[in-house]
Amino acid sequence: MIELDKTLKIAIGSDHAGYKLKEIIKEYLNENSYQVLDFGAFSEESVDYPDYAFPLAEAVTSEVADVGILICGTGIGMSITANKIKGIRAANCISTEMAKLSRQHNNANILTLGARLTNPEEAKLIVYEFLNNGFEGNRHIRRVEKIHSLTNC
Ligand code: RB5
């Protein structure tokens with residue numbers, strides 16, 4: 001197995017639906033010696049995912065964290081919310097290939113996961129690909145710049 005990139009500071013957050021998977025992914029990251037910042041939720045009590053997505057996304061854009069991982073039931077609410085923050089490119093991934101390409105082509109800085117759709121073992125593999133691939137640059141730079149210039153976010 002390839003050595004994980006442990007230089008990254010990772011912010012992680014969830015709502016109630018993603019709480020259990022967040023704890024599993026947090027343990028996986030801690031086991032691999034990453035610096036992990038936990039933005040909650042801290043139980044399965046019902047909460048609203050924007051309340052967790054916004055602060056985490058702001059931590060990424062302000063460089064408190066290098067990248068983020070947000071988990072809800074589907075990953076959709078978290079990605080919609082995080083992408084409202086200027087400078088965020090959140091990718092909702094249900095496969096390792098999506099995670100790899102989100103980094104290589106889209107320079108994604110937040111991974112969102114759906115705890116009701118992705119089992120913990122697959123989720124760890126998706127996280128692994130997200131953390132161990134980088135932006136390819138070249139033609140993708142122009143496209144990523146267009147995302148931000150056209151949408152002003
Ligand atoms: C909560 O029931 C659920 O709606 C939320 O976790 C998420 O899947 C929304 O996108």
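The values are calculated or read from the model by the stated rules, or taken from the named source; none is laboratory data. These figures come from a predicted structure and were not determined experimentally. Every residue, glycine as well, gets a Cβ built from its backbone with ideal geometry; the counts of neighbours run over all protein chains shown. Areas reflect the complete protein model, heavy atoms only, side chains present, ligands, DNA and RNA absent. Shrake-Rupley method; radii C 1.70, N 1.55, O 1.52, S 1.80 Å.
Here is the figure for the range 123-139: residues that are farther than 19 Å from residue 92 by Cα and open to solvent by less than 70 Å² (accessible area, probe 1.4 Å) total 1. Being in a loop (DSSP other than H, G, I, E, B) and touching a Leu at 6+ places or on another chain (Cβ under 7 Å) is the filter here; which residues of the range 127-141 pass it? Across the range 127-141, the qualifying residue is only 132. Yes or no: residue 17 modelled with pLDDT of 95 or more, more than 15 Å from the ligand (Cβ to nearest atom), of a type in the set (A, V, I, L, M, F, W, C) and not in a helix (DSSP H, G or I)? No; evaluated as a whole, the condition is false for this residue. Note on the range 9-26: residues that are open to solvent by less than 30 Å² (accessible area, probe 1.4 Å) and aromatic (Phe, Trp, Tyr) amount to 0. Hey, does the range 86-95 have a residue that's at positive phi, under 13 Å from the mean Cα position of the chain (by Cα) and modelled with pLDDT of 95 or more? No; the residues of the range 86-95 include none that is at positive phi, under 13 Å from the mean Cα position of the chain (by Cα) and modelled with pLDDT of 95 or more.
Could you list, in sequence order, all residues of the range 27-43 that are open to solvent by 80 Å² or more (accessible area, probe 1.4 Å) and assigned to a helix (DSSP H, G or I)? The answer is 27, 30, 31. The numbered conditions (1) farther than 30 Å from residue 23 by Cβ; (2) of a type outside the set (Asp, Glu); (3) open to solvent by less than 50 Å² (accessible area, probe 1.4 Å) are all true for residue 143 except (3). Listed by first and then second residue, the pairs with beta-carbon distance under 6 Å, at least 6 apart or on different chains, first residue in the range 74-95 and touching a residue at least 40 places away in the same chain (Cβ under 8 Å), second of a type in the set (Phe, Trp, Tyr), are 77/49; 78/49. For residue 118, the criteria (1) in contact with a Ser or Thr (Cβ under 6 Å, 6 or more places away or on another chain); (2) part of a loop (DSSP other than H, G, I, E, B); (3) closer than 17 Å to residue 28 by Cβ hold in every case but one, which is (1).
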